[in-house]
Amino acid sequence: MIEPIKWKSNKIVFIDQTELPAKLKYIKCADVGTLCEAIKHLKIRGAPLIGVAVALGYALGCLKSKAKTAIELNEDLKRIAKKLRSTRPTAVNLFWALDRMEHTFHSVSGQDCPLTEWKMLKEVVLKEALDILEEDKDMCRAIGKNGAKLIKNGDVILTHCNAGILATAGQGTALSVLYEAKKQGKKFKVYADETRHNKK
């Protein structure tokens, strides 16, 4: 299974969707600015995938911050969240994921957070982002297993927009249903009515 996005060696690794289908190119992202540009220019697209990406971006910003106090880190993360929010103002998952990351940070940080707890604080923030990543994969599998019950032999199915692996961190939303039905040996036809991006 192709992994559209993953966390590796304190970097976000994702597929550059603007290079598809001619080339499968992965980008190793070590800073929030690069991630923001990737989302703006549709290298990362699909609402669930964008949500996962910004959660990882928030964690990346937290790990890379040079702040010395929780107050300074809070200010850094406010700027990072604002930058991430401006990338795709119509993406609901983006705002949901950032709200969750900010809530996690505020639940473990205090204005007098000692430096001895600094590493723990950043680990908690990263864990929350990785949880969002894994939860998206789990949700995709659950959609597939439940939705496949509705597919019958001989069905003709139309999909619209980016609903497959590239839209999520897992095996897709609508297409997850089709993958699972195929695994079960069901025979059906699929027409894919996808949006496309023209490179300039």
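The values are calculated or read from the model by the stated rules, or taken from the named source; none is laboratory data. Everything numeric here is computed off the predicted structure, so don't read it as measured data. Virtual Cβ from ideal backbone geometry, glycine too; neighbours counted across all protein chains shown.
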Review point. Give me the pairs: first residue in the stretch 2-16 and hydrophobic (A, V, I, L, M, F, W, C) and at pLDDT 95 or above, second residue in a loop (DSSP other than H, G, I, E, B) and surrounded by 14 or more Cβ atoms within 10 Å (Cβ to Cβ), beta-carbon distance under 6 Å, and six or more apart or on different chains, which are they?
Key: ILE5/ALA169; PHE14/ILE44; ILE15/PRO4
Review point. Filter the stretch 30-50 for residues that are crowded, with 23+ Cβ neighbours inside 10 Å and outside any helix (DSSP H, G or I); which is modelled with the lowest pLDDT?
Key: GLY46
Practice item. Kindly establish whether ALA53 is within 17 Å of GLU134 (Cβ to Cβ), buried (at least 16 other Cβ atoms within 10 Å of the Cβ) and small (Gly, Ala, Ser). Key: yes
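Can you report the number of residues in the stretch 1-27 which are in a strand (DSSP E or B) and either in contact with a helix residue (DSSP H, G or I) (Cβ under 9 Å, 6 or more places away or on another chain) or closer than 16 Å to LEU133 by Cα (or both)?
Summing the residues that are in a strand (DSSP E or B) and either in contact with a helix residue (DSSP H, G or I) (Cβ under 9 Å, 6 or more places away or on another chain) or closer than 16 Å to LEU133 by Cα (or both) in the stretch 1-27 gives 10.
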Review point. Among the residues of the stretch 176-197 satisfying the criterion of being in a loop (DSSP other than H, G, I, E, B) and modelled with pLDDT of 80 or more, which is nearest to HIS160 (Cα to Cα)?
Key: PHE188
Practice item. Go through the residues of the stretch 148-166 one by one and say whether even a single one is β-branched (Val, Ile, Thr) and within 17 Å of ILE2 (Cα to Cα). Key: yes
